[in-house]
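First up is the structure itself, then whatever we jot down about it.
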There are 2 protein chains.
Amino acid sequence: MKTVTCIAPVNIAVIKYWGKRDEDLILPINDSLSSTLSTDYMCSKTTIMVSPTFKENRFWLNNKEVTFDSERLNNCLNEVKRRASPTCGELLQWKLHICSENNFPTAAGLASSAAGYACLVYALAALYRVEGDISGIARRGSGSACRSIYGGWVRWNKGTLPSGEDSIATQVAPASHWPEMRIIVLVVSDDKKKTSSTSGMKRSVETSEFLKDRAEKVVPRRTDEMIEAIKSKNFEAFAQLTMQDSNQFHSVCLDTYPPCFYMNDVSRAIIEMVHAYNEYKGSNKVAYTFDAGPNACLYLLEDHVEEIVALINEIFPPLAVDATEYFRGYPIHVNSSKLQEVLQLKKHTPGCLKYIIQTKVGDGPSILSNSSEHLLTENGLPKK
Amino acid sequence: MKTVTCIAPVNIAVIKYWGKRDEDLILPINDSLSSTLSTDYMCSKTTIMVSPTFKENRFWLNNKEVTFDSERLNNCLNEVKRRASPTCGELLQWKLHICSENNFPTAAGLASSAAGYACLVYALAALYRVEGDISGIARRGSGSACRSIYGGWVRWNKGTLPSGEDSIATQVAPASHWPEMRIIVLVVSDDKKKTSSTSGMKRSVETSEFLKDRAEKVVPRRTDEMIEAIKSKNFEAFAQLTMQDSNQFHSVCLDTYPPCFYMNDVSRAIIEMVHAYNEYKGSNKVAYTFDAGPNACLYLLEDHVEEIVALINEIFPPLAVDATEYFRGYPIHVNSSKLQEVLQLKKHTPGCLKYIIQTKVGDGPSILSNSSEHLLTENGLPKK
């Protein structure tokens, strides 16, 4: 019997992944680039147990048993086993119990599958003592999961080989490189049924007139510029590229037929707030980026956190809830602000935002060796 | 003393104009194509009076005197005078009084400047007996005004000459060509401060990565396909091209830096309703198109008007107002509907739509010769 427990981070792309060239191998049409968020406040946690006594493979996800019969899950598992250490022996024959959970709402649309698959693959690789890069294995679970295998600033190289062997993630800079960087996640209330990323990007590849141009011309240039901006800690350039790339991704979604919409009126109000604030400051102090959902991630340096949080608090007031429910993550000091009037921005009805998380760029996945951290009991059943 | 009164129609583009190659001459970077709406329910009306007794040029717009010192207005006036009939004589020396009004709210964002400038130029051309095409003159007032000079289905040829002489409108098919076509305008409630078309398209030309590709590759192909669809009355193709081109225009706006947003959550709900309805019907029965604002124009054949209006009435219920206030234009018979449930579309709060206008494709500008139609008294002052 053997048990491994890991945690793995969420990542937030500043150059977006949108469009596959191979649906099965999950090979992208362009490079992408993200920061890995600290696991202190948002992470996936997975416990994997193998035992000769287990009768079948079982999987519990967020406190609910789910089928093990998932192509993506089995692609990851088979690939890890193929690269398992020769010393594993009969371990490879034993059935697995896997228990996985996110410490943030899956429904919030916060890249939970990226963290989840990175965590699963990292734990499996530890279990079977896989050597070398495993980001390509995580990619088989969920494309952007490959970026959560490393900490700091991470590039997913699209690769050119048909096998996908070179479609892996590499670290551009460690988390310690730009310690002043902060990320504020604005979780937007939304009841809209959304198009999944998988089906949305498939439709974009099939119908968008713009996507090819983006993948072939715009992203290669922007990725170089983004790496340069990160390496030289040029926030002005970093912010502009981040905002332009987020908008271009959503622009491609709108150029898709039928169109996919991920942002809503609150997302748009956040965009307008950021541009108004930057204009008021005379240079880019905050950047927004939106994935396939209405939530905003703001990148900014620590010096501007208090002012921007005060502004957000004014424009998007919380419902009358406990402040500790509304402001999560690294503690935020909320001042009062008169900026909303100065910037002539509309106050929204309370509750447009569900909550706000302040976090930082952080490290990659890690193993938790203390058995109290395991999500499974010694019998291989969920503790919860 | 001489008085001319004209009316001119609104036009709704199905291939969008977005981007100038010459700001002063108002020369576009791509062709565009529109239908001219019947003047029965939406039009501009202009009375122009010249008299040797007038001391100065004066202009009343929507019951308010405004400055005559507008570059666009004077560009139009000078161009008309340059091409005036040699028989005009001293008429050309007399000062003008101009009174103009729209019979629909300017604020509704319904191409009021296109109708307004087409009307002004048509009236001026009648006054000074200009011969030949005058769409190029209307273009100097507001680009898309050139398309309102003709009835039916109208193409604005971008032209290639630096002088702009070949940047004029031509009729593709008369209004009588496709008599079953109906247009339903959905006026969406919105309090957002919007970016003007002029500054929005300037910013797109300067910053969008996609606009060049659209203008050079996509629009030329789509314009040919659209003309073919209109000539063969192929609604299926017409509808897809119309929706794709509207979305692509807004996609370019989003790829602009900072981005321009013209559609809001209600606009998006209309788009989703149309795609759900078309999917339910098994083919395209309705097409949406959005200009630089949140209002939708739906194109559809008369057979589907009742069903789609019933659906709209369910999804976007009116505030408790007089039905004649909510349903305008050609009379609409509003049935009850169960489609909203079938299509699983969300009911919106009453009042999301301000009102609904049903109209048709119609003819170009015309002269109203009855003096009771004049907006100016014999003294040259507004009747209102």
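The values are calculated or read from the model by the stated rules, or taken from the named source; none is laboratory data. Given the structure is predicted, the values throughout are model-derived calculations rather than measurements. Because the Cβ atoms are built from the backbone with ideal geometry, glycine has one as well, and the counts that use them run over all protein chains shown. Just the protein is used for accessible areas: all its heavy atoms, side chains included, with ligands, DNA and RNA removed. Shrake-Rupley method; radii C 1.70, N 1.55, O 1.52, S 1.80 Å.
A compact table of results
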quantity: Solvent-accessible area per residue, Å², over the protein assembly as shown with all protein chains present [probe radius 1.4 Å]; calculated: 40
quantity: Inter-centroid distance (Cα atoms) of segment A:290-351 relative to segment B:260-289, Å; calculated: 33
quantity: Using a 7 Å Cα-to-Cβ projection, B:Asn103 label spacings across copies, nm, ascending; calculated: 6.7
quantity: For segment B:143-226, size of Cβ-based charge dipole, Lys and Arg +1, Asp and Glu -1, in debye; calculated: 220
quantity: Note, ³J(HN,Hα) from phi for segment A:370-376, Karplus 6.51, -1.76, 1.60, rounded to Hz, x at Gly and Pro; calculated: 5, 5, 5, 7, 4, 8, 10
quantity: Nonlocal amide H pairs with B:Asp22, under 5 Å, H built at 1.01 Å; calculated: B:Leu27
quantity: Long-range HN-HN contacts of A:Arg328 with modeled amide H, under 5 Å; calculated: A:Ile356, A:Ile357, A:Gln358
quantity: Antiparallel bridge percentage (DSSP; both residues within segment A:181-360; nearest 5); calculated: 85
quantity: Considering only segment A:18-151, percent of DSSP beta bridges that pair antiparallel, nearest 5; calculated: 75
quantity: Whole-percent carbon and sulfur share, accessible surface of the protein assembly as shown, 1.4 Å; calculated: 49
quantity: Accessible area (Å², 1.4 Å probe, nearest 10) - A:Met273; calculated: 0
quantity: Chain B: C-alpha gyration tensor shape, a/c 1.5 cut-off, then a/b vs b/c; calculated: prolate
quantity: Estimated buried accessible area (total), pair B and A, 1.4 Å, Å² to nearest 100; calculated: 2900
quantity: Qualifying GluC sites (Glu not before Pro) for segment A:2-92 [loop in DSSP, other Cβ within 10 Å: at most 11]; calculated: A:Glu23, A:Glu56
quantity: In Å², nearest 10: area of B:Asp69 left accessible to a 1.4 Å probe; calculated: 130
quantity: Label point 7 Å beyond Cα along the C-beta direction, distances from A:Asp224 to other copies (nm, shortest first); calculated: 3.4
quantity: Sites matching trypsin sites (Lys or Arg not before Pro) across segment B:1-89 that sit in DSSP coil, with at most 12 neighbouring C-beta atoms within 10 Å; calculated: B:Lys55
quantity: Test item: B:228-235 mean partner chain Cβ contacts at 10 Å; calculated: 0
quantity: Within 10 Å of each Cβ in A:244-251, the average number of Cβ atoms from other chains; calculated: 6
quantity: Total formal charge among the other residues, if their Cβ is under 10 angstrom from that of A:Ala175, Lys/Arg +1 and Asp/Glu -1; calculated: 0
quantity: ³J(HN,Hα) computed for each position of segment A:142-149 - Karplus, 6.51 cos²θ - 1.76 cosθ + 1.60, integer Hz, glycine/proline x; calculated: 7, x, 6, 4, 4, 6, 7, 6
quantity: Computed [θ] at 222 nm, helices only, for chain A once each DSSP H run of length n ≥ 4 contributes -39500 (n - 2.57); calculated: -9000 deg cm²/dmol
quantity: Nearest-first distances (nm) between copies at A:Gly132, label 7 Å from Cα via Cβ; calculated: 7.5
quantity: DSSP beta bridges in the protein assembly as shown [antiparallel fraction, %, rounded to 5]; calculated: 90
quantity: Cα→Cβ-extended label distance, 7 Å offset, between B:Lys202 and B:Gln344, nm; calculated: 4.7
quantity: Chain B: DSSP helices with Cα axial extent of at least 20 Å and average Kyte-Doolittle hydropathy no lower than -1.0; calculated: B:112-127, B:235-254, B:265-281
quantity: Separation in nanometres of the label points that stand 7 Å from Cα toward Cβ, at A:Asp191 and B:Glu302; calculated: 4.0
quantity: Accessible surface of B:Lys231 - all protein chains present, 1.4 Å probe, nearest 10 Å²; calculated: 120
quantity: Alpha-carbon centroids, segment A:204-236 and segment A:105-177: separation in whole Å; calculated: 20
quantity: Where A:Glu180, B:Glu325 fall by accessible area, highest first, once all protein chains stay in place (1.4 Å); calculated: B:Glu325, A:Glu180
quantity: Relative contact order (%) - segment B:181-360, alpha-carbon pairs under 8 angstrom, separation at least six; calculated: 33
quantity: Gyration tensor (alpha-carbon) shape descriptor, segment B:181-360, a/c threshold 1.5; calculated: oblate
quantity: Gyration tensor verdict on the protein assembly as shown (Cα atoms; rounded if a/c is under 1.5, prolate if a/b is larger than b/c, oblate otherwise); calculated: prolate
